[in-house]
Amino acid sequence: MKMTGMLALAVLLAACTHQDSEHYRPTFTNAAGNKRIIVFGAPSLAYFETTDLVIKYLNDHLDSATVRTVACTSVEDYEDKLRRGYFDFTVINGLQLLSATQHGYVVVGRIADDYRAVIFANRDSAILSVDDCRGRTIALTANRVLAGSVMPLVWLHDQGVDVDRLRKSYTPSYESVLLDVCLGKAALGAVWSTSYFNFQRKRPDLASRLEVKWTTPSMASSAILFRKDVNPRLVNRIAGLLFRLNSDEAGRQALERVGIGSFVAADSSSYTPLKRFLRKYDSLIH
């Protein structure tokens with residue numbers, strides 16, 4: 001069954017705000033026409049909006065299953081569902097990725113594009129160099145989120161900023177970071193570069209108040225994760241469709257909506273550098 005517009009948003013919000021049973025595992029529920037429901041986990045409503053064409057593409061090409069998106073209201077909500085195996089598959093990076101592999105998920109692919117964070121400022125904040133960051137408020141996406149806090153804080157530390165003396169304002173989502181800097185609640189913010197450019201495209205009026213100051217070095221991009229008990233044939237089918245999205249016009253439009261070029265096959269070895277990077281973060285940032 002396809003849900004559209006405000007009804008979809010209301011249902012998805014309800015799905016993430018009710019008190020889920022501790023043992024609830026929503027995979028492989030029978031749907032109309034004997035199709036199985038496969039739950040895709042989105043970290044926020046913004047991700048629901050940007051991935052809707054990808055999910056539509058999958059559903060248009062799947063015969064035995066229907067993908068349903070569950071969009072979460074906060075990073076904490078998303079992480080809780082990952083720990084409990086709520087999602088059948090998702091796309092994520094950073095500490096959440098490593099944690100998920102310890103809670104029954106496996107890496108089958110990744111976004112091919114480089115993964116970077118952008119550090120941006122309100123144009124009225126008078127931040128011209130990293131020296132101007134000292135003692136200022138920086139908006140971040142929860143503690144230990146890769147592009148939302150880890151990468152930018154390590155980069156600022158490497159430029160000589162005492163990040164322990166920054167005033168860190170942690171928010172529920174990338175959208176909140178962008179809006180807080182737009183409204184002057186924080187002088188600086190940091191988000192995944194793709195989220196920033198999607199915001200520019202969707203809200204040019206607000207984005208005009210912002211200015212990218214620095215871009216971090218790249219890392220392996222977000223991984224496609226499936227829960228281990230999902231049927232291997234279905235995993236291969238969905239992963240294959242994702243890997244071939246850039247081969248036809250509908251798929252390319254779906255990728256453009258997300259703001260990426262393609263998905264490629266990968267496994268957990270792709271994220272060995274990530275483990276080293278997180279150890280560096282833990283040794284530097286307190």
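Let's see how each residue does on (1) crowded, with 21+ Cβ neighbours inside 10 Å; (2) assigned by TED's automatic domain parsing to the domain that holds residue 202; (3) assigned to a loop (DSSP other than H, G, I, E, B):
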| residue | (1), (2), (3) |
| --- | --- |
| 39 | yes, no, no |
| 54 | yes, no, no |
| 99 | no, no, no |
| 103 | no, no, yes |
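Does segment 25-46 include one or more residues that are touching a Gly at 6+ places or on another chain (Cβ under 7 Å) and modelled with pLDDT under 95? Yes, there is a match, as at least one residue in segment 25-46 is touching a Gly at 6+ places or on another chain (Cβ under 7 Å) and modelled with pLDDT under 95. The set of residues in segment 240-267 that are assigned to a helix (DSSP H, G or I), over 18 Å from the mean Cα position of the chain (by Cα) and either of a type in the set (Ser, Thr, Tyr) or closer than 27 Å to residue 228 by Cα (or both) comprises 240, 241, 243, 245, 246, 247, 251. The set of residues in segment 235-260 that are among the charged types (D, E, K, R) and touching a residue at least 40 places away in the same chain (Cβ under 8 Å) comprises 237, 257.
The criterion of being buried (at least 20 other Cβ atoms within 10 Å of the Cβ), modelled with pLDDT of 90 or more and closer than 17 Å to residue 125 by Cβ holds for residue 138.
Listed here are the residues, each with its yes/no results for (1) within 24 Å of residue 155 (Cβ to Cβ); (2) touching a residue at least 40 places away in the same chain (Cβ under 8 Å); (3) exposed (fewer than 13 other Cβ atoms within 10 Å of the Cβ); (4) under 19 Å from the mean Cα position of the chain (by Cα).
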| site | (1), (2), (3), (4) |
| --- | --- |
| 221 | yes, yes, no, yes |
| 225 | no, yes, no, yes |
| 280 | yes, yes, no, no |
| 283 | yes, no, yes, no |
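Quick check on my filter: what residues within segment 75-84 are within 14 Å of residue 144 (Cβ to Cβ) and not aliphatic (A, V, I, L, M)? Passing the criteria: 76, 78, 79.
Here is a yes/no grid of residues against (1) on the phi > 0 side of the Ramachandran plot; (2) in a helix (DSSP H, G or I); (3) in the same structural domain as residue 242 (by TED's automatic domain parsing):
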{"position": "60", "(1), (2), (3)": "no, yes, yes"}
{"position": "63", "(1), (2), (3)": "no, no, yes"}
{"position": "73", "(1), (2), (3)": "no, no, yes"}
{"position": "87", "(1), (2), (3)": "no, no, yes"}
{"position": "128", "(1), (2), (3)": "no, no, no"}
{"position": "135", "(1), (2), (3)": "yes, no, no"}
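Every condition in (1) closer than 30 Å to residue 121 by Cα; (2) assigned by TED's automatic domain parsing to the domain that holds residue 63 holds for residue 246 except the one numbered (1).
The values are calculated or read from the model by the stated rules, or taken from the named source; none is laboratory data. As the structure is a computational prediction, the values presented were derived from the model and not from experiment. Cβ sites come from the backbone with ideal geometry, for glycine too, and all protein chains shown count toward neighbours.
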